[in-house]
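No lab work stands behind these numbers, since they all come straight from the coordinates. Here the structure is a predicted model, which is why all the values come from computation and not from measurement.
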Amino acid sequence: MTTTETDAPAEWDAFFDDDETEDGVEFIPASGEGKPPHSEIDISSKEFWAQTSEERDKRFSQLRETDPVSWQRPVEDAVTPDPDDPGYWALVKHADIVKVSRDNETFISGQGVLFDMLPEIFLQMTQSFLAMDNPKHDKLRKLVASAFTPKQVRRLEAQIQLAAKEIVDSFASDPSGEIDFPERCGERLPERIFCDMFGIPEDMRKRTVRAAGDIVAWADPEYLAGRPADEVQVEAAAALHEIAEELINARKENPTEDLFSALMNAEIDGEKLDDFDIGAFFVLMSVAGTDTTKHTSAFTVRAFTHFRDQQEWLMEDFDGRIDGAIEEFVRYASPVMTFRRTAVVETELGGKTIVPGDKVVMFYPSGNQDTEVFTDPDRFDLSRSPNPHVGFGGGGVHFCLGNQLAKSALRELFRQLLTRLPDFEAGEPELLGTNFMRGVKRMPFRFTPETQA
């Protein structure tokens, strides 16, 4: 890896120096010209995002009823505030989210997927094919997907089963009968799966997990602890690339059966992934493969506490019902709350004219609460069918590549929890203050300890 690939802080102010993205799409700055006044139903304030999801959905519900494609002012907690940012279009209805997700010719991802128009160097370092458009997106995604061979998937499933058991083992006999769920369980399983999957040695795991946490540190003042959000993110991304470089070099000397070796050997039509692309995918997975599962599991144990009948229903036939139940876990939790696309073709959406350069933000929790699609959406209903939630995205080329891995982790974790600690109760969660991840920082989890033989 060259110095220019990791020396991101010096590049941080270089917002798209060229007039084209890497995929050849002209970059057109968003403009407020011709736009309506910013919506009076405001979903951009820090105050709004500090509320509970139930409180936020009251405002989403208003928008779904009265202004489903609304023009909103810029968010207050942007990573890199832009004084010239005119705002964005907010999509809160399921149908509009699905439409934009699947129309990759009109709405592109190559200019970033967060509210901010972030520097291209940062997108390349951290978001891999998530912030790419075709044809490069398809080529890179196919190469990555080809590394997940049937043998690799079987090995990962065995690792997930063992990890879930050992993590529950670590606290199931705790005589206090109480833990902080995210710290002792929710975050440990996906972090271990991630580290096992990439073959990260024990002496590098703390450094890896710490850097992965800093990637999303902008989302909450507690995690930032007074540090500048942009510097923290770039330093964390650079640290993860350095870790990836160390492991790639080690695999060149001594190939293994982990995902790093599989990615290095992946080949389609004579093309292979270069070291930087592998590093960028590693950074993407450090967040996408850990935080989403962590927070989904936390909201799910909380839901079981309030909907005991659903636990009873599931345990009547766990193996036969768990796959459908997981779809409801994801819909109910909606851990990823927002993703952005950028319009490159003039179009109409919800009666509004969208022009090239306009930012269009999809609000997944609102789509998953849309009463035109989901009956009684506030209810945690594991038998819900069909369940066309947008928790893994609304379809299209950017549908979550790791969805089966996440489902496997949730399946094995709840197999352990529901069979071994069936009377658990989750207390009131302390939420992450963010407009991106619906997250739980802390939450008490009480249970009857297992008796040791």
- Antiparallel %, DSSP beta bridges [both residues in the chain], to 5: 85 percent
- Determine the gain in length on full extension of the stretch Asp319-Lys151; use 0.36 nm per residue of separation and subtract their C-alpha separation, reporting nm with one decimal. 58.2 nm
- Query: Which pairs, out of Lys139/Lys252; Lys35/Lys93; Lys206/Lys252; Lys142/Lys352, put more than 31 Å between their alpha-carbon atoms?
  - Reply: Lys142/Lys352
- How much length is gained on full extension from Gln404 to Leu162, taking 0.36 nm per residue of separation minus their Cα-Cα distance? 85.4 nm
- Shape of the chain from its Cα gyration tensor (a ≥ b ≥ c, root eigenvalues): rounded if a/c is under 1.5, otherwise prolate when a/b > b/c, or oblate? oblate
- Query: Using the alpha-carbon centroid of each, what span in Å lies between the stretch 197-212 and the stretch 289-327?
  - Reply: 28 Å
- Query: Expressed in nm to one decimal, what extension gain is obtained for the pair Glu178 and Phe307 from 0.36 nm per residue of sequence separation less their Cα-Cα distance?
  - Reply: 44.4 nm
- Note on the structure: By the Cα gyration tensor axes a ≥ b ≥ c (a/c under 1.5 gives rounded; else a/b larger than b/c gives prolate, otherwise oblate), the shape of the stretch 184-335 is oblate
- Message: Please list, ordered by chain and number, the residues whose modelled amide H lies under 5 Å from the amide H of Met437; skip anything fewer than 5 residues away on the same chain.
- Response: Met337
- Please work out the Cα center distance from the stretch 32-55 to the stretch 109-169, rounded to the nearest Å. 31 Å
